[in-house]
Each structure stands twice: as structure tokens, then as C-alpha cells.
Amino acid sequence: MKKNLYKWLLPAVLLMQACSKDDVPVNPVTPPAKGLYAISEGGSTPNSAKLGFYNLGSSTFTGDYFVQQNPSETALGSTSNDAIIYGGKLYIVMNISSEVLVLNAYTGALIKRINFGTTPNFKFPRYAVGTRGKVYVSAYDNTVNIIDTSALTLGAAIPVGKDPEGLAVQGNYLYVANSGGLDYPNVDSTVSVIDLNTNAEIKKIKVGYNPNKVEVASNGDVYVSAYGVGFPTPPAPIIPASVSVINSTSNTLKTTLGGAYQYSHVRIFGNIAYFFNNYGGAGTARVYNTDTNADIRAEFITDGTTITTPYGINIDEQNGDVYIMDAKDYVTAGAVTCFDKNGKKKFTFSVAPGVSPNKVLFNR
Amino acid sequence: MNLKQTWRYFIFTSGLLLPLLLHAQKDTLPVVKIISQESTDISRTAVPFQQLTKKELASLNSLSVADAVKYFSGVLIKDYGGIGGLKTISVRSLGANHTGIMYDGIMVGDAQGGQIDLGRFSLDNIETIQLSTSRPETILMAARSYASAAVLSLSSSTANIQKRSMTLKLKGGSFGFFNPAFSFKDKIGERFGHGVSAEYQAADGDYSYKNYVAGDADSKRLNADIKTYRAEYDASYLFNDSNQIKLKLYYYNAKRGLPGAVILYNNFSNQRLNNEIFFSQASWKKNISGRSKILFNAKFTKDYKYYLDPSYQNSVGKFENKFNQQELYVSGAYSYQFSPALSASYAADYFNSKLKRTDDFAAGFADPERDNFLYNIAVDYSAKRLNLTANILHTILNERVQNGSTGRKLNELSPAAALSYHFSDSSPLHARVFYKRIFRAPTFDDLYYTNVGNTDLKPEFVDQYNIGLSFNKKSLKNIEGLIITLDIYYNQVKDKILAVPRQNLFQWTMLNIGQVEIKGVDATVLAKWKQLGSIFLTSRLSYTYQDARDMSDPSSAVYKKQIPYTPKHSAAVGIGISYRNLDLSYNVLLSSYRHSLGDQVPENLAKEWATQDLTFMYSLKTKYNNNYRITAELNNIFNKQYEVIKFYPMPRFNYRIGIIATFNQS
């Protein structure tokens, strides 16, 4: 009954760095991570969002790193839906508190809380992506908002479709999933294409119903995963989750993956896509090659490790390690498990008191 | 509810009364007949029993039933703060759905949510509040009275008419509280009595609280306003001492803002909730012979709920819920006394509950309708020092829906037995033991709520085991009367219906996954001290210990942990002093710390709290038998900031003052 907060888009920021020059993947010299920022959106108790920090050297975890580094602050706020590191700053998108926090990405020191709207017109921001010296933030008032990264002020709002969620940049374009989730079950099924030169929507492309995540593959294809309609209690007819592929040259729908690909979530690193459902189901994640358009592995995990509720996947571009966030029962403390690229577990840690972790970011 | 329809219904039912009214007016000599509701001796009942009488209620700093029942042991009130904030009761950690509310002898139904907001029952027209696993004083009861793990029984004062009287009341207080009330009771002849009570309550509710953001100035609760109207009409006709009919009409209308939890950095809410309830009920009780008695009850209820979120960001720009609920209830009971010691009763109830959704989601909604058949057999054996009661309840539920699949059919047998033993005729000690097995059916919300409900739900079962001791002595050294009760119990909740997030935090479904084990202790000490000059002193203490553990899933982090919002220790203390025309009472509530979730981490900690309240009352009786009272309630006198539910701050110091004038026929 509450807001249909469809979660989690990977910021694609690492990807953006990797793919910034003519879409050719390059391997910039990336220092090894010193630690991990773990973002937990919080549970049913309000104001329980957490920014934790895992020290990779000492293998210790600080549950409320934000307050530790900013002792004068009470708490992060309510529902940290997304976070990105861009230009040495950590941007945390607080959905219910309706603001974006800007932190020093190296120290975790709070630089500014940017309000998204004022009483009673709150915007309820959702996801962020950084490009061209700006941070673009989707918000439930049907806009994409531009943060000036030097002044840290909120600039123009670009009107898009209903209840925009995940977004990603490819070339001159910003792609935004219009979920229409707040009109559930009468959801939207389009992706807005924004020309980054004019900061205006140039077209809408039809994709699956209730689109959620947008990711870019190294060949320039834009992948859009969509929840569909029909769970947990199905209104008729049931529309399953789906994955659509957009050709970013022509900005047209290239294909929709077959019926076996009923996934609400996609995460792409280079030419490897990870498909998963954040409400559990069969397996943790399917691994897919976006160049050959074929599965690499039906199940990413190869050593029998179980993840109850995969809630987010991140990849350390420096060593290829894969981090899977486990929201468990959404009520008790979640966990983060690190795997090598072959799906073997390296280590795991609880994000307590964090509930429903959705992302890790790398502090290098 | 359609107001016009209600009005028509009201006219129609009052029309039935007219002949009675006319008949009654022939008798002109008013004769006072005392049939006051006897207060039950709580030390002698086979099941634990607690009560608050009108006098006690006046001395507790309470506005609604929710405030008053906090002084009972074994009771936890989930209080979301303020006059308009939801207040639900959990008896012995079983959850709100397991407490049935009885109003003037007939159960109050809510098939939709099953958790009745006790804040809705203003104390203005309440004479006594009783809490028990069933009503122990009689076995001539509707079958439905046996169908809850605990029954909170409210008796209105308009249902108990002794003589002609009129009461005018005006109360006002902090946060824009304004509360006029009026009641008029009349006894016409020996046989007919009727009364009307009407009340209006309004408050801005904008109390200040200590800001959660450290260092910031105090904030105010916003959108916490409430306006309620309540009207009740009661009539009773006594054919003779053993043959009486009663009728009641009740109307309630509340419009309130929902301030919601305090959200850091975005403390705004403009959500609204309107609720309109109408019911009419009638009962007929007759002794057919010295040995057999009958009781018939009938009730019709309409309930309309409207919820609005005017800033929801969907395409219509708002989110609305409109639900119409209707219940028709009839019951018949018969009791027979085989011997002075042995009696038995049989009761058969039928009620039909309907829920209709009339908002934008109406098209696909189930619009469920449930037929409930309840049959109960009870026996009571009362020997000299031994009392044994037992009953078995047979419940049959059938459902129909307009869309989708129906919930399960239910056919259940639920037994209960209680024994009390008096050690010797002169002993102040009584021992008691009881067992009760009961269930609660999934509510319509559990089964059918759009996108959340699950029609595969089974009922939620509760087993209660209790042993207790009581001590009752009329005169001790400095004490005129002392009652001590101590009960130790073990409860098991199986197949507990829980909302479980399915896809993310905001997509929930209902599942029968919970299991809870509760070990608890309830203790009560009531003392009436010897008069000291002109000073009368009474004291009451209740203490509750709860060890309520989540036994659902051994692999979960919360396995065997205390369930959310359940303090290990809680207590209430009340001291009353009377000196001539002045009454003073001092009331304390205490709760140990709790956790907002099963995870016992500091993050989820809800701190311990205590409140201290004072009530002053000055009464003046005139020679015409009229009675004027001035009251002052000072609540939370030490201005403590506390919360019962996390991020729902409770009011700090606040006051209510009132003038009450009662005009009695001399």
C-alpha cells in the first residue's frame, strides 16, 4: 500500500568511467580498494538507513560509519535507495527523507544535504548517475534532476515518464526507466531518452512492463530489466518480469530476451551481465555474455553458497571480485558476500545494524 | 456509510420504541430500582479478571479506554501518540487480534482489520471496564463471547439507568483540546428507562517534542488534528424482575490527520483518515422458570473507513481507500440449573460480515462476505469451595467473494476449562487454574487486501495455560481491604499471521509463519487503607512480566529473541487520596526497554519510559442532590519525552481541566 519503491539500480559509474571514450572499454589504472562502503536502505523502522564501512585490510566492519565520521549528525535518514561515487564525492540518494547527501568519498565527511523539494512538494529521489560533471537523479515527481557537482545545488528538472527509476548513460544519451510503479497494476513500460547536450527528453522507447534497472554493455547495447505485473497476488493478466535490449545508435528496441529471462534486475560489467530477482526465486544470478548473447552460467555461484534474497550486485573493477548483497528477510541485519569471478566465496560480513543492503562502493 | 440510510434506519428503529415510550409514560411515580452492575470480586474468579469502576476511572488520567486499560496487568497498549493516534491492545502478548471488545454485553465486530482502535471509546459514557478471558460471572452468554483469547468488556452508563439525571460536561486542555458532552437519563415508571449521551471531541494535537536531530529546536507534531462526534441512545424495559429487553443505538464519526512516524529531514504528512460507525443492538433476557433462562441478542453494524494520501505521486495525484463494512449478528442462549451447584448453557450465534471496496481498486477487489456459525456448550459446577467451569465452542466459517479465490472454510472445536478452589471457609486464599484453546480467523485484510492478501491463510491458534493465587482479606492492621492476585502463565501462538515483505520493503504478503512462546506473570495488589481522620487512602499496583519469544524459524537471527515492542517488565501504580470534597490521585506507568524489531541491536532499541500523572477533583453536592465537579488532570508532570513506538513521540506535559454538573432527581 505504501510507495512502490522499486529498488536498486547500479550507478554504472564505474562502467561510465570504463566506457567513457568512444565506448571502447579501457582499463584505467585503478588502485586496489582500501575498503567498502555498504549502503543499507533500512527496515520498517523509519530513519534506519545506514552507511557502513568494511575495512578490507583489517576485515572489520563499522555499522554506522556515517555517524562515526560525522558525530554531530543524528542519522543518515530514511531509505537510502541508491548511492554513487563521482568526482571524489559520495552521493547518497535518500528516498523517504527526500534529499541527496554529498560526502567526501575518501573520508565519509558530510559536505551537504541537498533537499529534493520542500513541504509539501517533495520529489522523493530514487537513483543517481554521474556524467559530464553533473549528477542526474531520477525522482518520483516524474523528473530527472541535475545536481551541479561543484556548487552542489539542484538545477533544472527534466520531465520524463511516470515514477522514473534506474538510469544509465551511453554516448550522448541518458536512459531512464519509467516504471509507473505508483499506479500499480497500471504500470508504465517506457524508457525516456534524454539528449545530454540539450538536457531534454527526445523520445520514449517501449520496453517491458514496470521497467526498473538500466545498464549499458560494452558493445553499447542498453539493457532494461522490468518487474512485470503480478506478484505477490496476481491481478489478471500476469505479466512476467522481462529484459529488453535497446540499440543506442538508433535508439530503438533491439530485442526482448526470451521467456527464460524473467528478471527484474540486471547488472552489467563490460560484456558480462548478471540477471537476478531481488525476491529470491530459483538461483542467485544468471551470468550472460552480451557480445555472444548466450549464457555463461545459469548460476553464478559455483561453490554452493546460498544467498537468501539477492538485493544488489557490485563488481570491483580492479580485481573482478563480485559482491552480492543479501537482504535476507528485510527485517533482520543483511549481509554482503564477496565472490571471485568464478563464483567461489571469498568472504562474507554482516552489515548489522543495517537492514536490506543494496549496494557496495569502493573506497580506493 | 451512507448517512441518509443511517438516519432512515435510526428513525425506523426508534419508531419501534414509540409504543413502549407511550406505555411507560403512564407510570408517573418514579421508583428507584437498584440493578447496578455489581463489581465482581476479582479474587474469587476462576479466570483472571480485572476491572475498573466508574469511581476508579475518574481517578485515572484517562481520556479513552486505551488510557485506562494501561493500568491493568498483562496489558500492552501500542500507542502511536496523541488523541488521534492509533491505540491497540495486546493481552499477554497475544496481539491485538486476540482481544475481543464487548460493548454493553455484545461483541464489537471488525472482520476487516480485527484490531480495534481503543482510542475510539471515550470514557465519557463508560461506567465499567472489565478484562478477562471470558466473562466469568455467568454462563448465560452468546457463543461469540467465548471466541477470543481475552475479552475487554465495556459497559456504558446510559445502559444502566437508576433514576432521572442529567449531566453536562465541558473539558478543555493542551493542544487545542475541547470536549463538551451531555447525557440525560430518565426512568419512567418502574419499568421503562432510557438515556441519551452525546459528545464532541476536538483537538489540534500539535504537541511539541524533542527534536530527533541533535541540537535542533523542538518540533511540533503536525497534521495530528482530530474531530469526533459520538451519540448513544439506550432504552430498557422491565416486564418484571426476570424479564427485560434492552436496546441501544450508537453513532460515531471521526475525522483525523495521520501525522505518521517522524521522518528525519522530511517531517511532512497530510494523510487523512475518516471513520464512521453506526450500530444498533437489542437484547432480551428472561427467566422462563426458576431453573431456566434465555438470552437473545441482535446487532447490526455499519462501518465506513476512508483513507486519503493527497500527495501520492501516482497519475491521479492521490491515493484513496474506501471500505464499507457491514455486520448482522443474532444470538440465542439458554441456561438450565440442574441443581444448586450445577448449571449448563447452550448458545448459538450467527453473524454475517461483508466488506465492500468502493475506491479506484474496487474493480478487482474480492468484496468478501463471511457467514459465521458459533455454537457453545458451557457447564458450571459450584460446590462449597470449588468452582469448575468448562466450555466447548464450535465455529464454522464460510466465505464468498465477488472476485478471485475465497479463503479457507473453517470448522474448529475450541475447548476451555477453569477451576478455582477456596482453601477453607475462613481462608483468605483462593487458587485457580485455567486452560483455553482458541483461534482467530484471518481477517479480510489478511486474506484479500489488494496486492497483499493471501487467501491460503489458516487461522492463528492460541493455547493459554494459567495458574494463579489470590488473597483477599477484609481487615488487616492498617488496611481495611486487601486483594492480591498472582498469575503465572504460558501461552503458545501457532501459525501466527505475519506480514512478510515479498519483493522489497514495500511489497508485503501475509503468511502463517509465526510461532511465539510467552511466559508471563501478572500481579495485582489493591488496598483500601484505614481511614485517617477525614483522609481515605486507596492504592493499586499492577505488574507484568513478559518473556515472549519468537520461535518461528531456528535459522533466523531472531529465533528465541523477545518479540518486538514487548517489555520484560511493566507496571502501573495508582494512589488515591480523598479528603472531604477533594480527591487527589497519583498515577504512574512504567515500562522497561523494548526493541522495535526482533534483532536485539542498539539500533532497534526503544528506551524504557515512565510517566507520572496527577488528577485533582473537587466535588460539591448540593441539597437538591445535584453534584458539581471540577477536575484537573496533569499528565506527564515531569515533562518526559518518551515513545511507545519508535519515531512516534508521545506528548510531554499536558493538562485537561473540566467542569461536570450532574442534576439528579431528588
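The values are calculated or read from the model by the stated rules, or taken from the named source; none is laboratory data. Note that the coordinates shown come from a computational prediction; the quantities given were computed from them, not determined experimentally. When we count neighbours, we look across all protein chains shown, and the Cβ atoms used for this are built from the backbone with ideal geometry, even at glycine.
Sort out which residues of region A:62-80 are within 22 Å of the chain's Cα centre (by Cα), more than 10 Å from every other protein chain (Cβ to nearest Cβ) and either over 20 Å from A:Asn115 (Cβ atoms) or free of Cβ contacts under 8 Å to residues at least 12 places away in the same chain (or both), and write them in order of number.
A:Tyr65 - this is the single residue of region A:62-80 that is within 22 Å of the chain's Cα centre (by Cα), more than 10 Å from every other protein chain (Cβ to nearest Cβ) and either over 20 Å from A:Asn115 (Cβ atoms) or free of Cβ contacts under 8 Å to residues at least 12 places away in the same chain (or both).
Name every residue in region B:79-104 that is in contact (Cβ under 8 Å) with a residue 40 or more places away in the chain, closer than 20 Å to B:Ile438 by Cα and not in a strand (DSSP E or B), in order of residue number.
Those that are in contact (Cβ under 8 Å) with a residue 40 or more places away in the chain, closer than 20 Å to B:Ile438 by Cα and not in a strand (DSSP E or B): B:Arg92, B:Ser93, B:Leu94, B:Gly95, B:Asn97, B:His98.
Test B:Thr524 against the stated conditions and say whether it is touching a residue at least 12 places away in the same chain (Cβ under 8 Å), within 14 Å of chain A (Cβ to nearest Cβ) and either touching a Leu at 6+ places or on another chain (Cβ under 6 Å) or in a strand (DSSP E or B) (or both). Working first, answer last.
Details: touching a residue at least 12 places away in the same chain (Cβ under 8 Å): yes; within 14 Å of chain A (Cβ to nearest Cβ): no; either touching a Leu at 6+ places or on another chain (Cβ under 6 Å) or in a strand (DSSP E or B) (or both): yes.
It is false that B:Thr524 is touching a residue at least 12 places away in the same chain (Cβ under 8 Å), within 14 Å of chain A (Cβ to nearest Cβ) and either touching a Leu at 6+ places or on another chain (Cβ under 6 Å) or in a strand (DSSP E or B) (or both).
Which one is surrounded by the most Cβ atoms within 10 Å (Cβ to Cβ), of the residues in region B:412-450 that are of a type in the set (Phe, Trp, Tyr) and assigned to a strand (DSSP E or B)? Full working, then the answer.
Step one: of region B:412-450, the residues of a type in the set (Phe, Trp, Tyr) are B:421, B:423, B:434-435, B:439, B:444, B:448-449.
From what is left, the residues that are assigned to a strand (DSSP E or B) are B:421, B:434-435, B:439.
Working: B:Tyr421: 15, B:Phe434: 25, B:Tyr435: 14, B:Phe439: 23.
By that ranking, first place goes to B:Phe434.
Please work out if A:Asn27 is more than 14 Å from chain B (Cβ to nearest Cβ), under 27 Å from A:Asn319 (Cβ atoms) and either at pLDDT 95 or above or touching a Pro at 6+ places or on another chain (Cβ under 8 Å) (or both).
Working: more than 14 Å from chain B (Cβ to nearest Cβ): yes; under 27 Å from A:Asn319 (Cβ atoms): yes; either at pLDDT 95 or above or touching a Pro at 6+ places or on another chain (Cβ under 8 Å) (or both): no.
It is false that A:Asn27 is more than 14 Å from chain B (Cβ to nearest Cβ), under 27 Å from A:Asn319 (Cβ atoms) and either at pLDDT 95 or above or touching a Pro at 6+ places or on another chain (Cβ under 8 Å) (or both).
Can you tell me which condition B:Ser555 does not meet? The list is (1) surrounded by fewer than 18 Cβ atoms within 10 Å (Cβ to Cβ); (2) assigned to a strand (DSSP E or B); (3) within 14 Å of another protein chain (Cβ to nearest Cβ), and all the others hold.
Of everything listed in (1) surrounded by fewer than 18 Cβ atoms within 10 Å (Cβ to Cβ); (2) assigned to a strand (DSSP E or B); (3) within 14 Å of another protein chain (Cβ to nearest Cβ), B:Ser555 misses just condition (2).
Residue by residue through region A:303-320, note down the ones that are more than 16 Å from A:Gly35 (Cα to Cα) and either among the basic types (Lys, Arg) or touching a residue at least 24 places away in the same chain (Cβ under 8 Å) (or both).
Just the residues of region A:303-320 that are more than 16 Å from A:Gly35 (Cα to Cα), to begin with: A:303-313.
If the condition is that a residue be more than 16 Å from A:Gly35 (Cα to Cα) and either among the basic types (Lys, Arg) or touching a residue at least 24 places away in the same chain (Cβ under 8 Å) (or both), then A:Asp303, A:Thr305, A:Ile307, A:Thr308, A:Thr309, A:Pro310, A:Tyr311, A:Gly312, A:Ile313 are the ones that fit.
Can you tell which of A:Ser48, A:Ser59, A:Ser40, A:Ser44 is touching a residue at least 60 places away in the same chain (Cβ under 8 Å) and away from every other protein chain (no Cβ under 14 Å)? Can you show your working first?
Details: A:Ser48 fails: away from every other protein chain (no Cβ under 14 Å); A:Ser40 fails: away from every other protein chain (no Cβ under 14 Å); A:Ser44 fails: away from every other protein chain (no Cβ under 14 Å).
Only one candidate qualifies: A:Ser59.
If I filter region B:535-544 for residues that are under 30 Å from A:Ala333 (Cβ atoms) and assigned to a strand (DSSP E or B), do I get at least one hit?
Of region B:535-544, the ones under 30 Å from A:Ala333 (Cβ atoms) are B:544.
With the extra rule that they be assigned to a strand (DSSP E or B), the set shrinks to B:544.
Within region B:535-544, one or more residues are under 30 Å from A:Ala333 (Cβ atoms) and assigned to a strand (DSSP E or B).
How do the pairs read when you match residues in region B:372-398 that are free of Cβ contacts under 8 Å to residues at least 60 places away in the same chain and surrounded by fewer than 22 Cβ atoms within 10 Å (Cβ to Cβ) with residues anywhere that are of a type in the set (Lys, Arg) and assigned to a strand (DSSP E or B), using Cβ under 8 Å and keeping only pairs 6 or more apart or on different chains?
From region B:372-398, the pairs are B:Leu397/B:Arg370; B:Asn398/B:Arg370.
Does at least one position in region A:266-280 carry a residue that is touching a residue at least 60 places away in the same chain (Cβ under 8 Å), in contact with a Lys or Arg (Cβ under 6 Å, 6 or more places away or on another chain), crowded, with 16+ Cβ neighbours inside 10 Å and in a strand (DSSP E or B)?
no
Residues are listed down the side, and each one gets a yes or a no for (1) among the aromatic types (Phe, Trp, Tyr); (2) over 23 Å from B:Arg437 (Cα atoms); (3) more than 14 Å from chain A (Cβ to nearest Cβ):
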residue: B:Phe361; (1), (2), (3): yes, yes, no
residue: B:Ala366; (1), (2), (3): no, yes, no
residue: B:Glu369; (1), (2), (3): no, yes, yes
residue: B:Tyr375; (1), (2), (3): yes, no, yes
residue: B:Asp380; (1), (2), (3): no, no, yes
residue: B:Arg385; (1), (2), (3): no, yes, yes
residue: B:Gly404; (1), (2), (3): no, yes, no
residue: B:Arg408; (1), (2), (3): no, no, yes
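Looking at B:Ser283, is it surrounded by 17 or more Cβ atoms within 10 Å (Cβ to Cβ), more than 26 Å from the chain's Cα centre (by Cα), more than 14 Å from chain A (Cβ to nearest Cβ) and modelled with pLDDT of 95 or more?
Values: surrounded by 17 or more Cβ atoms within 10 Å (Cβ to Cβ): yes; more than 26 Å from the chain's Cα centre (by Cα): no; more than 14 Å from chain A (Cβ to nearest Cβ): yes; modelled with pLDDT of 95 or more: yes.
Criteria not met by B:Ser283.
From the list B:Ser289, B:Ser280, B:Ser269, which residue is free of Cβ contacts under 8 Å to residues at least 40 places away in the same chain and not aliphatic (A, V, I, L, M)?
Working: B:Ser280 fails: free of Cβ contacts under 8 Å to residues at least 40 places away in the same chain; B:Ser269 fails: free of Cβ contacts under 8 Å to residues at least 40 places away in the same chain.
Answer to the selection: B:Ser289.
For region A:308-347, which positions are in a strand (DSSP E or B) and within 14 Å of chain B (Cβ to nearest Cβ)? Spell out the reasoning first.
Taking region A:308-347 and keeping what is in a strand (DSSP E or B), we get A:310-315, A:322-326, A:333-339, A:345-347.
Across region A:308-347, the qualifying residues are A:Pro310, A:Tyr311, A:Gly312, A:Met325, A:Asp326, A:Ala333, A:Gly334, A:Ala335.
Scan region B:212-227 and report the pairs whose first residue is free of Cβ contacts under 8 Å to residues at least 40 places away in the same chain and whose second residue is small (Gly, Ala, Ser) and outside any strand (DSSP E or B), with Cβ atoms within less than 9 Å and a gap of 6+ or a chain change.
B:Ala214/A:Ser72; B:Gly215/A:Ser72
Just to be sure I understand, how many residues within region B:371-403 are closer than 16 Å to B:Met141 by Cβ and of a type in the set (Ser, Thr, Tyr)?
The number of residues fulfilling the criteria is 3.
Return the only residue of B:Thr662, B:Thr566, B:Thr622 being away from chain A (no Cβ under 14 Å), within 30 Å of B:Asn512 (Cβ to Cβ) and of a type in the set (S, T, N, Q).
Numbers: B:Thr662 fails: within 30 Å of B:Asn512 (Cβ to Cβ); B:Thr622 fails: within 30 Å of B:Asn512 (Cβ to Cβ).
The unique qualifying residue is B:Thr566.
When residues of region B:145-170 are filtered for being of a type outside the set (S, T, N, Q) and free of Cβ contacts under 8 Å to residues at least 60 places away in the same chain, how many remain?
Within region B:145-170, the subset of a type outside the set (S, T, N, Q) is B:146-147, B:149-152, B:154, B:159, B:161, B:163-164, B:166, B:168-170.
Narrowing further to those that are free of Cβ contacts under 8 Å to residues at least 60 places away in the same chain: B:150-151.
Summing the residues that are of a type outside the set (S, T, N, Q) and free of Cβ contacts under 8 Å to residues at least 60 places away in the same chain in region B:145-170 gives 2.
So if I check each of A:Tyr330, A:Tyr323, A:Tyr288, which one is touching a residue at least 40 places away in the same chain (Cβ under 8 Å), on the phi < 0 side of the Ramachandran plot and within 19 Å of the chain's Cα centre (by Cα)?
Step by step, each of A:Tyr330, A:Tyr323, A:Tyr288 is checked, and only A:Tyr323 is touching a residue at least 40 places away in the same chain (Cβ under 8 Å), on the phi < 0 side of the Ramachandran plot and within 19 Å of the chain's Cα centre (by Cα).
Residues are listed down the side, and each one gets a yes or a no for (1) within 10 Å of chain B (Cβ to nearest Cβ); (2) assigned to a loop (DSSP other than H, G, I, E, B); (3) surrounded by fewer than 23 Cβ atoms within 10 Å (Cβ to Cβ); (4) not β-branched (Val, Ile, Thr):
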{"position": "A:Asp82", "(1), (2), (3), (4)": "no, no, no, yes"}
{"position": "A:Ile114", "(1), (2), (3), (4)": "no, no, yes, no"}
{"position": "A:Val144", "(1), (2), (3), (4)": "no, no, no, no"}
{"position": "A:Ala157", "(1), (2), (3), (4)": "no, no, yes, yes"}
{"position": "A:Gly161", "(1), (2), (3), (4)": "no, yes, yes, yes"}
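Condition check ((1) under 30 Å from A:Pro46 (Cα atoms); (2) within 22 Å of the chain's Cα centre (by Cα); (3) within 14 Å of chain A (Cβ to nearest Cβ)) across all residues:
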{"residue": "B:Ile263", "(1), (2), (3)": "yes, no, yes"}
{"residue": "B:Leu273", "(1), (2), (3)": "yes, yes, yes"}
{"residue": "B:Asn287", "(1), (2), (3)": "no, no, no"}
{"residue": "B:Phe319", "(1), (2), (3)": "yes, no, yes"}
{"residue": "B:Glu327", "(1), (2), (3)": "no, yes, no"}
{"residue": "B:Ser335", "(1), (2), (3)": "no, no, no"}
{"residue": "B:Ala348", "(1), (2), (3)": "no, no, no"}
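Which members of region B:635-652 meet the condition of being in contact (Cβ under 8 Å) with a residue 40 or more places away in the chain and part of a loop (DSSP other than H, G, I, E, B)?
Within region B:635-652, the first condition is being in contact (Cβ under 8 Å) with a residue 40 or more places away in the chain, and the residues that meet it are B:635, B:641, B:643-652.
Within region B:635-652, B:Gln641, B:Lys646, B:Phe647, B:Met650, B:Pro651, B:Arg652 qualify.
Please enumerate the residues belonging to region A:348-364 that are within 16 Å of A:Thr309 (Cα to Cα), surrounded by fewer than 24 Cβ atoms within 10 Å (Cβ to Cβ) and away from chain B (no Cβ under 12 Å).
A:Thr348, A:Phe349
Could you say which residue among A:Gly130, A:Gly108 is assigned to a loop (DSSP other than H, G, I, E, B), at pLDDT 95 or above and more than 14 Å from every other protein chain (Cβ to nearest Cβ)? Give the steps one after another, and end with the answer.
On the way: A:Gly130 fails: assigned to a loop (DSSP other than H, G, I, E, B).
Result: A:Gly108 is the single residue among A:Gly130, A:Gly108 that is assigned to a loop (DSSP other than H, G, I, E, B), at pLDDT 95 or above and more than 14 Å from every other protein chain (Cβ to nearest Cβ).
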